[in-house]
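Right, one structure below, let's go through it.
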Amino acid sequence: MTLLSRTLQAAACLALLLPLPLAAQDLPVPAGEPVLTVSGAIGQTNAGDTAVFDMAMLEGMEPVTIETSTIWTEGVQSFTGVPLHVLMEAVGATGEVLSAKAINDYAVDIPIADWSEGGAIVAFLNNGEPMSTRDKGPLWVVYPYDSRTEYQSEVIYSRSIWQLDRITVK
């Protein structure tokens, strides 16, 4: 065996020991009760072909707090939640539209333009408190209505789905 062939053989063995490029990591499995299921055109999953989130997972995803008034509440409210664009990045969404559904099967489509930074959030706190099902919770898609006049329209209000529990990315 020549020096060149031994060197090539050693290099090949070493290459086997080096880590392979990691495939996209799946999401962790929720430890608590699931509150949101995302399916459809997504690349990151944790339950078959879906991404299931419990409240702790959502709370750990770069939550933001917005201050805004709504047509459903009195005065300026504080909402804390995951920016919609952060949630869609976490699941590797590749679609153009979200079909969002509530516990009561109310459904609405939310276009990709609404997934922008500074746009809608999936709120899980209102004025620092978890939202009960009776009070539009546990999840509510909230826009910073006071920040832009285009967020003060019937179209946007209709996309502000509360009791959210399912999203299908199309």
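The values are calculated or read from the model by the stated rules, or taken from the named source; none is laboratory data. Quick caveat: nothing in here was measured; it's all calculated off a predicted structure. We place every Cβ from the backbone using ideal geometry, glycine too, and count neighbours over all the protein chains shown. Keep in mind that these areas ignore ligands, DNA and RNA; they rest on the heavy atoms of the full protein, side chains included. Shrake-Rupley method; radii C 1.70, N 1.55, O 1.52, S 1.80 Å.
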> If you check every pair at least six apart or on different chains, which have Cβ atoms under 6 Å apart with a residue in the stretch 141-170 that is over 20 Å from residue 78 (Cβ atoms) and at pLDDT 95 or above first and a residue that is open to solvent by 40 Å² or more (accessible area, probe 1.4 Å) and not aromatic (Phe, Trp, Tyr) second?
Replying inline: 165/103; 166/37; 166/101; 168/40; 169/40; 170/40; 170/97
>> Here's a check for you: in the stretch 76-94, which residue that is over 14 Å from the mean Cα position of the chain (by Cα) and part of a strand (DSSP E or B) is surrounded by the fewest Cβ atoms within 10 Å (Cβ to Cβ)?
In response: 78
>> Tell me whether the stretch 110-123 contains one or more residues that are polar (S, T, N, Q), at pLDDT below 95 and in contact with a helix residue (DSSP H, G or I) (Cβ under 9 Å, 6 or more places away or on another chain).
In response: yes
> For the stretch 136-166, what are the residues that are in contact with a strand residue (DSSP E or B) (Cβ under 9 Å, 6 or more places away or on another chain) and part of a loop (DSSP other than H, G, I, E, B)?
Replying inline: 136, 137, 138, 139, 143, 144, 160, 161, 163
> Taking the stretch 43-57 as the search range and keeping residues that are in contact with a strand residue (DSSP E or B) (Cβ under 7 Å, 6 or more places away or on another chain) and either part of a helix (DSSP H, G or I) or of a type in the set (D, E, K, R) (or both), which one is least open to solvent (accessible area, probe 1.4 Å)?
Replying inline: 54
